[in-house]
Structures are given as C-alpha cells and as structure tokens.
Amino acid sequence: METFFNQLLEFFFVLIGLQLMYTAFKTFKDSNNSKRIGSALFWLDLGLLFMFGKILPSLVSGILVALLGVITLFKQFEVGKFTPVKQEKLEARAKKFGNWIFVPVLSLAVVSVALAMKIPESSKSAIGVAAICGIILAMLIFKSSPKEMVQESDRMVQAMGTSGVLPQLLAALGAIFATAGVGEVISKMIGGFVPEGNRLIGVIAYVLGMVIFTAIMGNGFAAFTVITAGIGIPFVIMQGADPAIAGALALTAGYCGTLLTPMAANFNILPASLLEMKNTYGVIKEQVPITIIMIIAHIALMYFWAF
C-alpha cells in the first residue's frame, strides 16, 4: 500500500511538471512578454525538476536549481499579463453560483484529512488526491471544460511567478540548517540568558523562536526541526512538558510567524498581487493585531497545558 501511494505522489509531481511545461510554452508564445525567453526557460526548468527530480543526478538537479536563481538574478523573468474579466461578468457569476464556489476549496481539506485518517500510508499523496477531486467538482459545478481548467491553472501559475518556488526552497533550507547543526548553535545562544529550570521563560523562548525563525524562513515546517532541537527539547520538554502538546503548539506558533513575513509569499504576497492591492504588504499589515493575540495565547496554552 505504501509503495502505491509513493508512486501516486510521483504521478502528481509529473502532473505539476506538465502544467509548468504548458506554462513555459504559453509564455514563449506570448509576444507581449518582453522577457518571454527567460520566463519560458524558468518554467521549463522548474517543470523538469518536478517531473524528473527523483531520477536526475544530484549535480544536474543542482545546476537546474542554480539556473532558476540566475534567471531571476539577471531579471530575465516577467509575469505574464492576462485580459481581466469584466466586473459585470464576475458579479453575475457570483450571484449565480453563490456559496457553491466554496465547495471545491473545502473539498481539499475534507478529502485530504479523511483519506489520511482512514489510510495513514496515503498522507504524502492525500492532498494530491484531494486536488484532483476539487478540480472535478469545480468542473461539474461551473460546467467548465478541461481546456478552461488548464488555461486557468496556467493563469494562476503565472500570477504566482517566482514566489511559487519559495515553499520548496525554504523546506530544503530547513533540512540543510538541521543537518548543519544550527539547532545546537541556537541552543547554546539561548542557554546564555534562559534561567535553568524556568519553565515560563523556556516556553516564551520556544514560542518566540518559532515565530521569528518561521518569519525568517517563511516556512513553519523548516523552522520546527531547528527550533525544537535548539530550544524546545532542552528548555521545555526536558523540563517536564508533554512532547506531543508542546510540539503541536510550537508548530502552530510558527504559523504566527507565517502571518508576519513576505517570505511566506504564497500566503501574503500572492494574495496582494492577485487582488491588485496598492500596498504589497497590506495583507501582513492587517494580520499583525491577530498575530500578537495568537502569540500570547500560544504561550499561555503551552505553559498551562503542556506541563
């Protein structure tokens, strides 16, 4: 069973790669894009990494990743432009479908969680299965064709631009930091001012460490390994905290950092771009008050609940 779902995961990577290659083709044909060659090469490069990353030699994968950076460094990438849909048409469709527009989105969470709970081996590929279900539901509800689906996927990919690569790069960076022993360095630094045996200070350091490191890296999962090794284990768990409760709260505390950083581009910068907000950091600005409340709540929950 596990082998099947691992193969299914690779199938989803191939699907993503094919979509990226389609975007590369459309970008190359876009005469209005002044940097269409560099932009098309970027999407083609990324598509190859998704499709063949598992079988490519490490050196080749490294060169392809470096090429992505070179393209953006020399400003040879440009986001494609699309003809905006008329406001009247958008309002008419919104009235026609009402709350049905949320069904495909909600199905992502429902299907992926249900599948992962019923079949634990499917956890790696559950979100891919849920995405396929969401697409099918969307096509049935809105009576759209496969061609429209591919075109809209292309529009979304191009709207994300280079920000779409950040989650993969930051997750890899977290693994590199952990292997390099960054957690041990942080542990020694924190040990210099956190009183031994002081649970409250340890909890505060753990929560704020997750918030700050997640804000720096833009990814709570990448920060979790490093901060838990450097702060969570020696200053919270070793002081008697329940590892399951402390760890779960630490990870959600990291999400507080996600709300505060442009590094979490898919959450904070992409919505501002899609909504054509005047302030690029407008989403982050609106989230600050709630984030502060959530940080305080996490400190209180971890201190009173984990011990």
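The values are calculated or read from the model by the stated rules, or taken from the named source; none is laboratory data. In this text the structure is predicted, and so the values were computed from the model without any measurement. Cβ coordinates were reconstructed from backbone atoms using ideal geometry, including for glycine residues, and neighbour counts include every protein chain displayed. Areas reflect the complete protein model, heavy atoms only, side chains present, ligands, DNA and RNA absent. Shrake-Rupley method; radii C 1.70, N 1.55, O 1.52, S 1.80 Å.
Structure values in brief
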{"read-out": "Only one of Thr179, Thr261, Thr228 that is closer than 24 Å to Phe304 by Cα and β-branched (Val, Ile, Thr)", "value": "Thr228"}
{"read-out": "Residue that is modelled with the highest pLDDT [pool: residues in segment 1-57 that are over 17 Å from Gly161 (Cα atoms) and polar (S, T, N, Q)]", "value": "Gln7"}
{"read-out": "Failed item, numbered, when Val236 is tested on (1) open to solvent by 40 Å² or more (accessible area, probe 1.4 Å); (2) in contact with a Lys or Arg (Cβ under 9 Å, 6 or more places away or on another chain); (3) of a type in the set (A, V, I, L, M)", "value": "(1)"}
{"read-out": "Some residue of segment 192-200 being aliphatic (A, V, I, L, M), under 29 Å from Ile237 (Cβ atoms) and more than 26 Å from the chain's Cα centre (by Cα)", "value": "yes"}
{"read-out": "Of all residues making up segment 103-130, the number that are among the hydroxyl-bearing types (Ser, Thr, Tyr) and open to solvent by 40 Å² or more (accessible area, probe 1.4 Å)", "value": "1"}
{"read-out": "Residues of segment 268-300 that turn out to be free of Cβ contacts under 8 Å to residues at least 12 places away in the same chain and open to solvent by 70 Å² or more (accessible area, probe 1.4 Å), as a count", "value": "11"}
{"read-out": "Top-ranked residue in segment 161-171 [being at pLDDT 75 or above and open to solvent by 40 Å² or more (accessible area, probe 1.4 Å); ranked as farthest from the chain's Cα centre (by Cα)]", "value": "Thr162"}
{"read-out": "Residues of segment 18-43 classified as hydrophobic (A, V, I, L, M, F, W, C) and open to solvent by 40 Å² or more (accessible area, probe 1.4 Å), total", "value": "6"}
{"read-out": "Only one of Leu56, Leu64, Leu46, Leu68 that is surrounded by 12 or more Cβ atoms within 10 Å (Cβ to Cβ), in contact with a Phe, Trp or Tyr (Cβ under 8 Å, 6 or more places away or on another chain) and closer than 30 Å to Lys29 by Cα", "value": "Leu68"}
{"read-out": "Neighbours by Cβ (under 6 Å, 6+ apart or cross-chain): first from segment 1-27, over 15 Å from Leu46 (Cα atoms); second of a type outside the set (Gly, Ala, Ser) and not in a helix (DSSP H, G or I)", "value": "Leu9/Lys124"}
{"read-out": "Residue within segment 131-151 that is open to solvent by 50 Å² or more (accessible area, probe 1.4 Å), of a type in the set (A, V, I, L, M), over 24 Å from Ala94 (Cβ atoms) and touching a residue at least 12 places away in the same chain (Cβ under 8 Å) present", "value": "no"}
{"read-out": "Residues of segment 201-227 that turn out to be open to solvent by less than 20 Å² (accessible area, probe 1.4 Å) and part of a helix (DSSP H, G or I), as a count", "value": "15"}
